[in-house]
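A.B. asks: Got a structure for you, written out below as structure tokens; questions coming shortly.
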Amino acid sequence: MTRGRFPRGRASSPGKSAPLLLREPTPFAPGLPDIVARSPQPEATPAELPGREARPTGACVVRMDLETSPTMFRGVFRRIPGWIGAVAWVVVVVAGTSSAVETGGPEPGPLSGVNPVEIPGIHNAFRIGSRYYSGSAPDSEEAFFALARAGVKTIITVDGAQPDVETARRHGIRYIHLPHGYDGVSTNVEIQIQKAIATISGPIFFHCHHGKHRGPAAAAIACIATEGWTPEKADRWLHLAGTDTNYAGLYRTVEQFHPLTPEALAAISAVLPERAGVSRLIDAMVGIDASWDALKAARKVDYVAPADRPDLDPANEATLLMEHFREAARLEEAKRKGAAFLEGAGAMERLGSEAAVLLRQRKDGLSPELNVRLDRVFDGINRSCASCHHDFRN
């Protein structure tokens, strides 16, 4: 069965209510002074077996549909006296009218052994199983400090960007750089991940750039290899982490991955570099991602520098974006991708140039007309990025 483009699972259909889940809180994980657990997930139960749906201990799941059963619910609440019945009726109305959004995949929900956590300087952070974390790239001294306080001794990055090895070392953390693409994890990288987790003790933090796509796929490989995860649970984890279903290769990786036996793994030697060599085109794409992230942050605050990045110059970032695309198109690796890729890079260069001109005008104020023009250019860049990812990166 193919995953990703047609993911498994079921989304709530229109008119049907989402389950209302009531459960007792789970204690925070011990020994994590700088990482705060949020929305703790239920512990594993014997019900979690292949082919069976796990249910949290002590949970009460109520599915309500006011459109099909209004009489039944009115009858129930007539028997509940006073203010209790009134409050309960409000709860039912809210639950019954808040249908889940159809996303084309399973509804994200509790997954045993997986807990969202708050880590300073890291987004989309989770604690997974007995020894793994997953999230975005650490972007500050504070982030490395928090990871070290949590006991993390090793970071495995699968991003194309060169890791901040020096800052990690200052906090007693080793980096392992195993970059892979959005089209899936190669056999060599699968072996390197297995070798790393088999030979390294202590908690390990996996990350890519945003912590949503490639990093969670690598963490899923580790959990299948050492935590007893099934491909079905790994699939649910990718959805929970926010992995885009358009990256079908990442879903296919966790569906088809089979860990090596300890004997086979011991017989293989694998290099675990702190910094891996990457192509110049990947370097260009890393720069493009950084500039585009900065521009998206500026757009959220009417195309000026965000409060947490006061030194950001949106017009300068747009110029950098234009230059990144110009230089990328000159590379032999880009030329080998064909005319369509080069035409797309040229179109993005022109959009970046137009954005830079408009953002310089923005320094004199934001008129309604200028706002519309900026929105149009930014939407064009976003569509071009999505189209390029679909055709060349996925």
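A.B. asks: Counting only heavy atoms of the protein chains, get the accessible area per residue of the range 135-237 (1.4 Å probe) and round it to a whole Å² value.
C.D. replies: Here the residues of the range 135-237 average 33 Å² of exposed surface.
A.B. asks: Once amide H atoms are placed 1.01 Å from N in the peptide plane, what residues at a sequence separation of 5 or more from Val117, or on another chain, have their amide H within under 5 Å of its amide H?
C.D. replies: Correct list: Arg38, Ala125, Phe126, Arg127.
A.B. asks: If you don't mind, there's one more thing I want to ask. Using alpha-carbon positions, what is the distance between the centroids of the range 174-240 and the range 247-287, in Å?
C.D. replies: 8
A.B. asks: Once phi is turned into θ = phi - 60°, what whole-Hz ³J(HN,Hα) does the Karplus curve with 6.51, -1.76 and 1.60 give for every residue of the range 249-263, x standing for Gly and Pro?
C.D. replies: x, 5, 5, 5, 4, 6, 6, 9, 5, 10, x, 6, 6, x, 5
A.B. asks: Additional query: So, R0 is 56 Å and r is the distance between the beta-carbons of Arg326 and Ala267; what FRET efficiency does that work out to, to 0.05?
C.D. replies: Values: r = 48 Å, r/R0 = 0.85.
E between Arg326 and Ala267, to the nearest 0.05, is 0.70.
A.B. asks: Under 8 Å for C-alpha pairs, at least 6 residues apart: give me the relative contact order for the range 236-394, rounded to a whole percent.
C.D. replies: So the answer I get is 20 percent.
A.B. asks: Provide the gained length on full extension for the span Thr230 to Arg169, in nm with one decimal, where the gain is 0.36 nm per separating residue minus the Cα-Cα distance.
C.D. replies: Length gained, Thr230 through Arg169: 18.5 nm.
A.B. asks: What ranking, highest mean first, results for peptides 217-224, 169-176, 260-267 when packing means the other Cβ atoms within 10 Å averaged over each residue? Walk me through the numbers on the way to the answer.
C.D. replies: Details: 217-224: 27.0, 169-176: 16.6, 260-267: 11.4.
Result, highest mean first: 217-224, 169-176, 260-267.
A.B. asks: With a 1.4 Å probe and every protein chain left in place, tell me how much accessible area Asp375 has, in Å² to the nearest 10.
C.D. replies: Using a 1.4 Å probe on the heavy atoms, I get roughly 50 Å².
The values are calculated or read from the model by the stated rules, or taken from the named source; none is laboratory data. Every value quoted in this text rests on a predicted model; they were computed, and no experiment measured them. As a convention, Cβ positions derive from the backbone with ideal geometry for all residues, glycine included, and neighbour counts pool all protein chains shown. Side chains are part of the model used for accessible areas, which takes the heavy atoms of the whole protein and leaves out ligands, DNA and RNA. Shrake-Rupley method; radii C 1.70, N 1.55, O 1.52, S 1.80 Å.
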